[in-house]
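Working notes, beginning with the structure itself.
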Amino acid sequence: VVPVHNELDNLKPLVAAIETALGSVSWELLLVDDGSTDGSDALIRELHAADPRIRGVFFGKNQGQTAAISAGIREATAPLTATMDADLQNDPSDLPAMLDALGDNDAVVGWRRKRQDNLVRRWSSRIANAIRNKLSRDSIRDTGCSLKVFRAEAIRRVPLFEGMHRFFPTLLRYHGYSVAEHPV
């Protein structure tokens, strides 16, 4: 599941990287267009016409990342659901290792070893993660990393609220599900 907002230039490289990473594994890709104005929606339709494993979900206006991820999760048909951003901040080649790291857990969340952000962004993220962990009594290192893999039956049972996509691991744990972490 990939939320898309004005990512026209990234979609073809993203799809190619996912195809390469997953190889012969059975997969589907849900590109959730969150009200893009750059033609991303038309390209998603083109990609689907060329490969039916690629499907689009389309919002007429921008509804936010959590709404886009939630819509993709609802539409997904596979027993496992992975999420990542369309901006190529996360490398799809990490997906096989994430799938292996899932093991018997209900979810595995990535934590970015080498973030591609400036110093201010990295430090603000560390501070936000520390505060979130203190308040939630959780220990997830990097809630901002969008690369996550879930068992579909687990993530579908967790209520998803506006802006809560960063809290998926904590919400899963609160509902009794097991969550592992893996460096990406």
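Taking segment 74-86 as the region of interest, how many residues are among the aliphatic types (A, V, I, L, M), surrounded by 15 or more Cβ atoms within 10 Å (Cβ to Cβ) and within 14 Å of residue 27 (Cβ to Cβ)?
4
Search segment 164-184 for residues that are within 11 Å of residue 105 (Cβ to Cβ) and pair each with any residue that is assigned to a helix (DSSP H, G or I) and modelled with pLDDT under 90 when their beta-carbon atoms are under 6 Å apart and the residues are at least 6 apart or on different chains.
Qualifying pairs under 6 Å: 179/169; 179/172; 179/173.
Can you pull out the residues in segment 1-26 that are closer than 24 Å to residue 156 by Cβ and within 15 Å of the chain's Cα centre (by Cα)?
Passing the criteria: 1, 2, 3, 4, 5, 18.
Give me the residue from segment 155-184 that is in contact with a Leu (Cβ under 6 Å, 6 or more places away or on another chain) and at pLDDT 90 or above and, out of that set, farthest from residue 112 (Cα to Cα).
Selected residue: 179.
Given the options 54, 18, 44, name the one that is touching a Phe, Trp or Tyr at 6+ places or on another chain (Cβ under 8 Å) and without any contact (Cβ under 8 Å) to a residue 60 or more places away in the chain.
Answer to the selection: 44.
Counting only residues that are of a type in the set (Ser, Thr, Tyr) and surrounded by fewer than 16 Cβ atoms within 10 Å (Cβ to Cβ), which one in segment 152-184 is farthest from residue 98 (Cα to Cα)?
For segment 152-184, the residue satisfying everything is 174.
So which residues in segment 37-73 are exposed (fewer than 15 other Cβ atoms within 10 Å of the Cβ) and either among the polar types (S, T, N, Q) or within 15 Å of the chain's Cα centre (by Cα) (or both)?
Of everything in segment 37-73, just one residue is exposed (fewer than 15 other Cβ atoms within 10 Å of the Cβ) and either among the polar types (S, T, N, Q) or within 15 Å of the chain's Cα centre (by Cα) (or both), namely 37.
The values are calculated or read from the model by the stated rules, or taken from the named source; none is laboratory data. Because the structure is predicted, anything quoted here is derived from the model rather than measured. Neighbour counts are summed over all protein chains in view; Cβ atoms, including those assigned to glycine, are modelled from backbone coordinates with ideal geometry.
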